Amino acid sequence: MSRKRATERLDADDAGIARAAEILACGGITAIPTETVYGLAARAEDADAVAAIFAAKGRPSFNPLIVHIPDMAAARSLAEWDERARMLADAFWPGPLTMVLPLRSVAGLAPAVTGGLDTLALRCPAHPVMRAVLDRVGVPLAAPSANLSETVSPTQADHVLSTLDGRIDAIIDGGTSKQGLESTIIALEPDGCWAILRSGPIGVREIEALLGTAPGVAGSAIRAPGQLTRHYAPGKPVRLEARSARDGEFMLGFGPVNGHWSLSPTGDLAEAAARLYAGLHRAAQAPEAKIAVAPVPQEGLGEAINDRLRRAAA
Ligand code: AMP
Ligand code: MG
């Protein structure tokens, strides 16, 4: 259990960003909006601040954190860089792509950030508020999703406060996250192989086209320890591929399949991705004891949406 603290609510303006940066600089932990989901940030080189993230989330210590940096120069100072990383960063940064690269010995990060691995997960976020905080603080920020471990990820400030109010120092309310799904994670192995550790907004085919090689299976050197089967759990049984609601189910629709609430009435995958976690939060709070979800096609963003749904149902 983390110590009880009053959680400051901050606006996404200059004053709020300055206050969040001040709290972070002093070793505090703050929830910050990003284009994927809300992140719970701490200075990545401060072992106590990083420990506070794990405590607040109830996150297992073997599950490493993504480190957020403002640009490629900052990334290069922390991890071993190669031509593939440069091409990916040119194409997709700032944006929802996380690269797992060999950790540089001079990086100076708290060991808990990497879960004791010799690799580091790096992301350069696009959200203006997260970017402004990074600029102000001037050091890399470790930031997992801002929710209790295993629960549904947050795409709104309310979602964050539903599990972390009183457990974190502050939150900047920046409205709804546009993408709504966590970043795609790619591991770049030193031998030239690469693998997707987590599907997300950037599709495997886009990456394949850019790198000119097909993905392999993640080697023993690089794993995604956090990719537990059970994740994103709404706390109720979840039935997938449902065509209609049964008794006692709150149903999330998609396209032509209606429900109590639709991920996207027009069957738009980007809209469904952006609304997925809001739908799961809504279903979790509904009086019905169970959740049903309409089929979502396994194409494009549908792959990442179905990955999250399978874990929610596990
Ligand atoms: P979250 O912070 O909840 O978005 O999850 C971050 C995920 O990034 C973790 O669950 C891991 O799967 C992955 N990750 C972070 N660092 C590493 C690393 N060094 N090697 C492999 N995977 C990593
Ligand atoms: Mg998470």
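The values are calculated or read from the model by the stated rules, or taken from the named source; none is laboratory data. Just so we're clear, the structure is a prediction, and the values are computed from it rather than from any experiment. We place every Cβ from the backbone using ideal geometry, glycine too, and count neighbours over all the protein chains shown.
Among strands (runs of 3 or more DSSP E) entirely within the stretch 18-104, having at least 1 residues that are closer than 16 Å to VAL139 by Cβ singles out 30-32, 39-43, 66-68.
On the given criteria, is PRO144 modelled with pLDDT of 95 or more, of a type outside the set (D, E, K, R) and under 30 Å from ALA283 (Cα atoms)? Answer is yes for this residue. Would you check if ALA209 is on the phi < 0 side of the Ramachandran plot and surrounded by 21 or more Cβ atoms within 10 Å (Cβ to Cβ)? Considered against the rule, which asks whether it is on the phi < 0 side of the Ramachandran plot and surrounded by 21 or more Cβ atoms within 10 Å (Cβ to Cβ), ALA209 comes out as no.
Please enumerate the residues belonging to the stretch 135-173 that are surrounded by fewer than 24 Cβ atoms within 10 Å (Cβ to Cβ) and closer than 18 Å to GLU22 by Cβ. Residues satisfying the conditions are ASP135, ARG136, VAL137, GLY138, VAL139, ASP169, ALA170, ASP173. Each residue in the stretch 6-38 was checked for being under 18 Å from LEU109 (Cα atoms) and either within 16 Å of ligand 1 (Cβ to nearest atom) or not hydrophobic (A, V, I, L, M, F, W, C) (or both), and 3 of them qualify.
Residues in the stretch 159-204 that are out of contact with any Ser or Thr (no Cβ under 8 Å at 6 or more places or on another chain), of a type in the set (D, E, K, R) and closer than 29 Å to GLY27 by Cα: ASP173, LYS178. Taken as a whole, the stretch 32-42 holds no residue that is closer than 24 Å to ASP169 by Cβ, of a type in the set (S, T, N, Q), within 16 Å of ligand 2 (Cβ to nearest atom) and surrounded by fewer than 17 Cβ atoms within 10 Å (Cβ to Cβ). How many residues are in contact with a strand residue (DSSP E or B) (Cβ under 9 Å, 6 or more places away or on another chain) and on the phi > 0 side of the Ramachandran plot if we restrict to the stretch 125-178? Total meeting the criteria: 1. Residue pairs whose Cβ atoms lie under 8 Å apart, separated by 6 or more positions or on different chains, with the first residue in the stretch 51-69 and in contact (Cβ under 8 Å) with a residue 60 or more places away in the chain and the second among the hydroxyl-bearing types (Ser, Thr, Tyr) and within 11 Å of ligand 2 (Cβ to nearest atom), are LYS57/SER149; GLY58/SER149; ARG59/SER149; PRO60/SER149; ASN63/SER149; ILE66/SER183.
Within the option set ALA292, ALA245, ALA272, being modelled with pLDDT of 95 or more, among the small types (Gly, Ala, Ser), on the phi < 0 side of the Ramachandran plot and part of a loop (DSSP other than H, G, I, E, B) holds for one residue only, ALA245. Number of residues in the stretch 172-218 that are touching a helix residue (DSSP H, G or I) at 6+ places or on another chain (Cβ under 6 Å) and within 16 Å of ligand 2 (Cβ to nearest atom) equals 4. Only residues that are under 16 Å from the mean Cα position of the chain (by Cα) and over 14 Å from VAL100 (Cβ atoms) were counted across the stretch 183-201, and they come to 2.
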